[in-house]
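For reference, the structure is listed below as structure tokens.
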Amino acid sequence: MRTFVVTTEGQNRLGLRELCERYVNDQWFAAHASDELVAEALLDQFKRAVQPELELLTVECIDR
């Protein structure tokens, strides 16, 4: 079983590193694929999964 570690060059203010790491380690890939190929594909899948969620977000200002 492969285990992937996700790193970031930035501050990770939103916790996306941990979210991505959980995501990629929950996925299955064929054993014959190289680690580099799998890591690249998993990061691409994560980005494609997150993008539609981001597009659904809205922000409103409510006076209290």
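A few notes on this one:
- Being at positive phi and not β-branched (Val, Ile, Thr) is a property that does not hold for residue 10.
- Set side by side, the residues 59, 6 differ, and just one is in contact with a Cys (Cβ under 7 Å, 6 or more places away or on another chain) and in a loop (DSSP other than H, G, I, E, B), which is 6.
- Qualifying residue in the range 33-54 (condition: closer than 21 Å to residue 2 by Cα, in a loop (DSSP other than H, G, I, E, B) and without any contact (Cβ under 8 Å) to a residue 40 or more places away in the chain): yes
- Only a single criterion out of (1) at pLDDT 95 or above; (2) surrounded by 11 or more Cβ atoms within 10 Å (Cβ to Cβ) is not satisfied by residue 29, namely (1).
- Residue within the range 10-18 that is surrounded by 10 or more Cβ atoms within 10 Å (Cβ to Cβ), among the hydrophobic types (A, V, I, L, M, F, W, C), under 14 Å from the mean Cα position of the chain (by Cα) and in a helix (DSSP H, G or I) present: yes
The values are calculated or read from the model by the stated rules, or taken from the named source; none is laboratory data. Every value quoted in this text rests on a predicted model; they were computed, and no experiment measured them. Methodologically, a virtual Cβ is constructed for each residue, glycine included, from the backbone with ideal geometry; neighbour enumeration extends over all protein chains shown.
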